[in-house]
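Worksheet for the structure shown next.
Here, each number is a calculation from the coordinates, and none is a lab measurement. As the structure is a prediction and not an experimental result, all values here were calculated from the model. Counting neighbours? That spans all protein chains shown, and the Cβs are built from the backbone with ideal geometry, glycine included.
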Amino acid sequence: MRFQYTGLKDAKTITGIAEATDKETLIANLHRQEIRPLIIKVDTGKKSLLGRLKPSKKVKLKDLVLFTRQLSTMVSAGVPLTRSLSTLQTQTDNKFFKTVIADITKDVEGGQPLGQVFSKYPNIFSDVYVNMVKAGEAGGILDDILKRLATQIEQDASIRKKVKSAMMYPTVILCITVVAFFGIMIFVIPKIAKILKDLGGEHAQLPVYTRAMLGISGFMQHNVIFIILGSVALVYGFRRYVKTPKGKYKFHGLLLRIPVVKNIIIKVAIARFARTFASLMSSGVAVLDALAVTGGAIGNKVIEEELEAAAKEVKNGKQLSEPLAAGTHFPPIVSQMLAIGEETGQIDTILVKVADFYEEEVATIIDGLSSIIEPVMIVVLGSLVGLIAASVMGPIASLSKNIGNN
């Protein structure tokens, strides 16, 4: 059965959801977690309308980083794992994450390894996270692994934040441009077309670009509903297609053909590869297993396929640096640095430096991109406005002049 409970722990009121065979078993479980139950009731699974509208079942990266760092600190201080998890359950403000931690605590109390329990929640704990925790448990270095995980998550979050920040301005400008274009074409141009018709008559000689503008405006005015529905269907279909394995592979391949975007994607992928592979290797994970996990963390299917091909070469007895050197997307410096690491036995140390280098490269490119995008978008928007103005004002001035001469 599933119960909702409210209890006291360390003079703090906590709430949660837990499963137990009966109420007495739940009370015993709560006492083991040093929780004094106040209210226990059966969870019917029903939610209020407001509860159904709220976006739940999400854990932010900052919550995951905080959880990982705190768990690492408590484990390294010698606090028992179950007690550490119980304490962290009371610390988080995310109600969904609070429930998840409670379930994790229950499974760990039942004797399951922490890595195995984490694997039950793939939307929160990635394959990299789970495999590194399993390696930490096997090697007795769980606290150290958790510290590295927290750092790695922060690095990934930093890169994503920079990319999103760089794309925010052009996205806003593009949306404004599209809305303005539709508004002008549907509401403004038809009125101007009437003015041109009144000035020059039905058979007035207009420039080609003006006739094209009037034609586009007329088409959009009479088919606006179909255009909107078609655009929504196109976006929805594209998103569905990109989520399929074939569609995702083709889309990722397309991104690698766009000049500036290609550089950013490759550098981000290499930084993720280097940091993740280094962490797994330092944790004692076998090379082939580390490559399998790292491939899923890269974020691009085309580069992931290249890494899978390299893993097959490694399985046949080659050093990893050899197939990477023959690949398409890994720069020569990566294979050369990796070869040095293989010779000296310091692959993890070398790859961490590679990750730091490429993360700095990504930051530099994004900063430069931000300074370039702003004037480019202003020029594009100004050109669009200028084209519309030339298409409209030129014929009006010409027709007015002709009328004046007559």
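The fraction of Cα-Cα pairs per 5 angstrom bin, counted from 0 for region 290-400, comes to 2, 10, 12, 16, 12, 7, 6, 6, 6, 5, 5, 4, 4, 3, 2, 1, 0 percent, rounded to whole percents. For the chain, the alpha carbon convex hull comes to 210 Å³ per residue, rounded to a whole number. Highest mobility in the GNM of the chain, judged by mean-square fluctuation with C-alpha springs under 10 Å and restricted to Lys147, Lys98, Lys58, is found for Lys58.
Excluding same-chain neighbours fewer than eight residues apart, the lysines reachable from Lys243 by a Cα-Cα span under 17 Å are Lys301. In a Gaussian network model over the chain where Cα atoms closer than 10 Å are linked, find which of Ser282, Ser165, Ser321 has the largest mean-square fluctuation. Most flexible of the set in this elastic network: Ser165.
Where only DSSP H runs of four or more residues are counted, the chain gives -25000 deg cm²/dmol as its mean residue ellipticity at 222 nm, each run worth -39500 (n - 2.57). Computed packing ranks the peptides 382-390, 232-240, 23-31, 148-156 as 148-156, 23-31, 382-390, 232-240, most packed first, by mean other Cβ atoms within 10 Å. Given their separation in residues at 0.36 nm each and the Cα-Cα distance between them, Lys60 and Val179 gain 39.6 nm when the chain is fully extended. Approximating the spin labels as points 7 Å out from Cα along Cα→Cβ, the Phe238-to-Gln91 distance works out to 4.3 nm.
The stretch between Phe226 and Asp367 holds 46.8 nm of extra length on full extension. This uses 0.36 nm per residue minus the Cα-Cα distance. When the chain is modelled as a GNM with alpha-carbon springs shorter than 10 Å, which of Ile173, Ile39, Ile350 fluctuates the most? Fluctuation is largest for Ile39.
Principal-axis analysis of the Cα atoms of the chain puts helix 81-91 at an angle of about 40° to the longest axis. The angle separating the long axis of helix 189-200 from the principal Cα axis of greatest extent in the chain is about 10 degrees.
My understanding is that a pair violates if its Cα-Cα distance is over 26 Å; which of Lys98/Lys246; Lys9/Lys95; Lys23/Lys58; Lys98/Lys120 do that in this structure? Exceeds cut-off: Lys98/Lys246; Lys23/Lys58. Measuring r between the beta carbons of Glu137 and Asn316 and using R0 = 30 Å, the FRET efficiency lands at 0.45. In the chain, the longest principal axis of the Cα atoms and the axis of helix 208-222 are about 60 degrees apart.
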